[in-house]
Amino acid sequence: MQYKHIVLFAFFFVLMMPAALSQSYEVGVFGGGSYYSGDLNPGPEGQFRQTQPAFGGLVRYNFDKHLSVRITGLHGTVKGSDENSAYKILPQANPDMYSFESTITEVSLQGEVNFLPYIAGHEETLLTPYIFGGIGYFMFDTTTGHGDGSHWHPDETSSDPGTASPENFDPPEDYSDFSISYLIGGGLKYHITEYIGGGLEWGLRYTGTDYIDHVRLKANPKQNDWYAFAGITITFRFKDSSRAICPY
């Protein structure tokens, strides 16, 4: 699975390189956390407690003071267990909890709307709240296990998504570890220097799969999984080098 992560990020950075040639572009990095919402993590308390580190990068094109579009690549981990769920995955006679951990790698296209006029690198526009939405494509690699909350034991056959909980998992024939995601979120952009900008943001993803946790509960089979990224962005604005060349 790791080679797929490398290919996806390589594709992202190939798209990113031409962006450094224009003042309308910003290139940046992301650092923060990721968490999951689904059958095994339905409430906010469990979701935030299970937040894991995440990182990535982005390229932003600014149309004007209010509208931007960006390509973002993110990588993180999500996890959950039936400790916080109304459903007991393992047989009732088993005292252990069912747990999973999944790595997620996403590439997305997002549109942004600034509530206040904002131009990267201009002191006159120090900050603005903004909202964003878009569509993404992601891959996930899930490992399942069981434990008592302090000790976690991977399932020896976890590579087969149906073996961890056969009475609760109903995998389709076309089960895939790739899926689409629909993004919505918001944040705050702020001016740091002429060439550096910062941001705080949170974004929620509704996915096209119910198998990130390798569980499809018969009680709620139509509720797909969600995941989120939240964190800090640092972006760098570059001078347009073509303007430094004399046309004559």
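Data table
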{"item": "Neighbours by Cβ (under 6 Å, 6+ apart or cross-chain): first from the stretch 98-127, more than 29 Å from Asp141 (Cα to Cα) and surrounded by fewer than 20 Cβ atoms within 10 Å (Cβ to Cβ); second at pLDDT below 95 and acidic (Asp, Glu)", "result": "Gly121/Glu194"}
{"item": "Test for Phe100: is it modelled with pLDDT of 90 or more and assigned to a strand (DSSP E or B)", "result": "no"}
{"item": "Condition met for Phe63 (at pLDDT 80 or above, over 22 Å from Leu204 (Cβ atoms) and under 25 Å from the mean Cα position of the chain (by Cα))", "result": "yes"}
{"item": "Residue pairs meeting the criteria (Cβ under 8 Å; at least 6 apart or on separate chains; first surrounded by fewer than 19 Cβ atoms within 10 Å (Cβ to Cβ), in the stretch 51-65; second basic (Lys, Arg))", "result": "Gln52/Lys79; Tyr61/Arg70"}
{"item": "Candidate set: the stretch 227-240, residues that are over 18 Å from Gly31 (Cα atoms) and touching a helix residue (DSSP H, G or I) at 6+ places or on another chain (Cβ under 9 Å); chosen: the one modelled with the highest pLDDT", "result": "Phe238"}
{"item": "Qualifying strands (runs of 3 or more DSSP E) (wholly inside the stretch 123-202; at least 3 residues being modelled with pLDDT of 90 or more)", "result": "127-147, 178-191"}
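The values are calculated or read from the model by the stated rules, or taken from the named source; none is laboratory data. If you're wondering where the values come from, they're calculated on a predicted model, not measured in any experiment. Backbone-built Cβ (ideal geometry, glycine too); neighbour counts: all protein chains shown.
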